[in-house]
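First the structure, in the form of structure tokens, and then the observations on it.
The values are calculated or read from the model by the stated rules, or taken from the named source; none is laboratory data. Remember, it's a predicted structure, so these values are computed and weren't measured experimentally. Using ideal geometry, Cβ is built from the backbone for each residue, glycine included, and neighbour counts are taken over all protein chains shown.
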Amino acid sequence: MNLVTLAVRNLQRRTMRTSAVSLSVGLAVASALSLISLSDSIENGVREGADERNADLTVLKRNASDIFSGFITEDLVGRIAGMPGVAAVAGDLIMFAPVDQDQQKLVAGGPPDGFIWKSMPLLAGTMPAAGATRYAILGSGAAEVLHKGVGDEITILDEPFHVAAIANYQSALNRSMVFVPLEDLQDVAFRQKQITMLNIRLAPGLKPKQIETLKTSIAAIGPLLVTPTDQFLRNDRYVAVMRSISRTVSLIALIMGALSVLSTLLMAVQERTSEIGIMSAIGWARARTMGSIVIEGAVIGAIGSVLGIGISYGVSYSFTGLPIIGEMMSFHPVPEMFLPTLLVSILLCAIGALYPAWRAATMNPAEALRRF
Amino acid sequence: MAEHSSLIRVEHVDRVYDDGAVTALRDINLIIRPNECAAIVGKSGSGKSSLIHIMSGCDAPTAGTVYWHDESIWRQEDWRRLRATRIGIVFQEFHLLPALTAAENVELALMGHCISAADRARRASSLLERVGLSDRARHLPTELSGGERQRVAIARSIANDPELILADEPTGNLDSANADAVVELLLNIRRDRGAALILVTHDESLAARCDWRIRLKDGAIETEQEEEATEKEEKAPAGKLRPARGTPSPARRARKRKK
């Protein structure tokens, strides 16, 4: 028996206590991890949504406070499409609009013959023939929230639209959207010939230098901002505010998780004061006594963090099943966070065990034993 | 070591609790020599356990000094070293670690002594055999009877061949048969190993089996009696007064003169 096996046996033979303490630590880790992942979900959601729509670059109006307020002219589509290195261009008009009178949904108007619509995965219904108007394709989440299916009618900005199909996107962003032909949305929103963004698909095999040249050429046209599609919300003011809020939430989650882990270990070790007193009474050196308790804390930290990662994964997957919220947001803990989570959890548990262990180990054994 | 040198000496020791509201020990003077066997007797609350705690360094006196081989000991780390190597303690409540088996509890006392794990395990096993528990080595304390637990605690207390064994009411939680067996074991171990034994008890017949007894009352030594019979002989609790073993303080001498 050595200090490590002593710690492991102490934990093994107190199954209920070890399980309860590890679970408490696990729940704290899961809460922190889930909230941090949730706060990252805005950017991740945009990235996932952009990936699904197969665009490489996005063009927005420069200095616009958000993507909905910066309008650019649709004429740019043809001009940019002719530039070297551009495989396809699609102009989108995106706005929050009342759907079925009172439900604000993200509505995207796009060209039905554009590359985004052509690669749109459909769950139900079919894509109407070219030239058809006043139809909508609902993201699966939006269809669920609106309780609408193929063949139903909806109103967008108080104008009737026919539901032609349900899109089968995977990202929360695309699942929650309503897609309509660009001209229809321009019409009902009184935004003729206006778009909010241009999606560009690059020609295959383009080198980074060529991409930079293309970006410079597009930016030279006028006050335009050209960014990789997965970063196009980086300059959005509202997203920046949301990002700040989510970072604050993450920080609070981290502090709360840390405090929770510390208090759990504090109580768990404090209730063993008499056992620490026994070790002192039989002559164990203070450092050795504290070492054995800290090792126990670290093992609990490791078990707790593994449990926490598992729980946060479970929560993230069940979150998407929640009505309304789950359709708008999704999050998944990223594997890059696992090792830091494990290390931080072990460190916190060791620190959480250290203080009460030190207190008990410096106490007179007689006093510690009185707490038997 | 001189023949008459003390193993442990307590001089003018007071112990008060709660900022002086409770006085557990008053001006205690006591000398224990190597290989002696003494019983500390007294009613509940007379200060027996407080005295044992101070003699083991598990508690610090409010005033006074404790000497080990005529050297004053006051640092906790020095007391820890003594408890790890020279002093074995047996508690009334056994104080075994509940998650460890009997053998592991004994082994615990051997950790940190530059002994290999295999040697520790072998030694723990032989100590359990010495206390008659070799077949219970792999049992947890909850799977042992009170008497067995106390024997494990005794095995743990002698793991490092101590010069002094302090037993604080070792029979307090045991029935009479187990109590006799435990005391017999302690006396045999003391005789075989040549260690000094201080036995705290309120049982006069157990105390009578020791060389002499110290009677505590209200935190002060009331009398010291030397037993006439050897430890093997059962005898009546009474004995003659043993002179000059403790060192009465001036206050105590004054009280005696008044009487």
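Observations on the structure shown:
- Evaluation of B:Ser157 against the conditions (1) in contact (Cβ under 8 Å) with a residue 60 or more places away in the chain; (2) over 22 Å from A:Asn10 (Cβ atoms) shows that the sole unmet condition is (2).
- Identity of the residue in the range B:67-96, within 8 Å of another protein chain (Cβ to nearest Cβ) and free of Cβ contacts under 8 Å to residues at least 12 places away in the same chain, that ends up farthest from B:Ile165 (Cα to Cα): B:Glu77
- Pick from the range A:338-371, criterion of a type in the set (D, E, K, R) and farther than 16 Å from A:Gly291 by Cβ, ranking: nearest to the chain's Cα centre (by Cα): A:Arg371
- The single condition among (1) surrounded by fewer than 17 Cβ atoms within 10 Å (Cβ to Cβ); (2) modelled with pLDDT of 80 or more; (3) under 12 Å from A:Ser34 (Cα atoms) that A:Leu343 does not satisfy is (3).
- Single residue of the range B:119-145 satisfying the filter (within 11 Å of chain A (Cβ to nearest Cβ), hydrophobic (A, V, I, L, M, F, W, C) and surrounded by fewer than 23 Cβ atoms within 10 Å (Cβ to Cβ)) that is nearest to B:Glu184 (Cα to Cα): B:Leu140
- A:Ala361 being modelled with pLDDT of 80 or more and either within 14 Å of chain B (Cβ to nearest Cβ) or outside any helix (DSSP H, G or I) (or both): yes
- Residues of the range A:291-312 that are within 13 Å of chain B (Cβ to nearest Cβ) and buried (at least 21 other Cβ atoms within 10 Å of the Cβ): A:Ser292, A:Ile293, A:Glu296.
- The range A:24-56 - residue that is part of a loop (DSSP other than H, G, I, E, B) and crowded, with 22+ Cβ neighbours inside 10 Å and, of those, farthest from the chain's Cα centre (by Cα): A:Ala55
- Test: residue in the range A:195-217 that is β-branched (Val, Ile, Thr) and within 19 Å of A:Pro98 (Cα to Cα): yes
- Listed conditions (1) among the polar types (S, T, N, Q); (2) modelled with pLDDT under 85; (3) surrounded by fewer than 16 Cβ atoms within 10 Å (Cβ to Cβ) are all met by A:Ser119, apart from (2).
- Qualifying residues in the range A:235-287 (those that are touching a helix residue (DSSP H, G or I) at 6+ places or on another chain (Cβ under 8 Å) and outside any helix (DSSP H, G or I)) - the one farthest from the other protein chains (Cβ to nearest Cβ): A:Arg272
- For the range B:106-133, filtered to residues that are closer than 25 Å to B:Ser176 by Cβ and of a type outside the set (D, E, K, R), the residue that is nearest to the chain's Cα centre (by Cα) is B:Val131.
- For the range B:150-187, a residue qualifies if it is within 13 Å of chain A (Cβ to nearest Cβ), in a helix (DSSP H, G or I) and either over 17 Å from B:Cys58 (Cβ atoms) or out of contact with any Gly (no Cβ under 7 Å at 6 or more places or on another chain) (or both), and the qualifying residues are B:Val152, B:Ala153, B:Ile154, B:Ala155, B:Arg156.
- Test result for A:Gly139, surrounded by fewer than 19 Cβ atoms within 10 Å (Cβ to Cβ), over 21 Å from A:Asp75 (Cα atoms) and at pLDDT 90 or above: no
- Residue in the range A:200-212 that is surrounded by 21 or more Cβ atoms within 10 Å (Cβ to Cβ) and farther than 24 Å from A:Leu33 by Cβ present: yes
- Residue count for the range A:272-284, restricted to those that are within 12 Å of A:Thr362 (Cβ to Cβ) and not β-branched (Val, Ile, Thr): 2
- Single match in B:Gly64, B:Gly112 (criterion: facing chain A (nearest Cβ under 7 Å) and surrounded by fewer than 22 Cβ atoms within 10 Å (Cβ to Cβ)): B:Gly112
- The listed residue being touching a helix residue (DSSP H, G or I) at 6+ places or on another chain (Cβ under 7 Å), within 14 Å of chain B (Cβ to nearest Cβ), in contact (Cβ under 8 Å) with a residue 40 or more places away in the chain and crowded, with 20+ Cβ neighbours inside 10 Å, out of A:Val99, A:Val107, A:Val21, A:Val59: A:Val21
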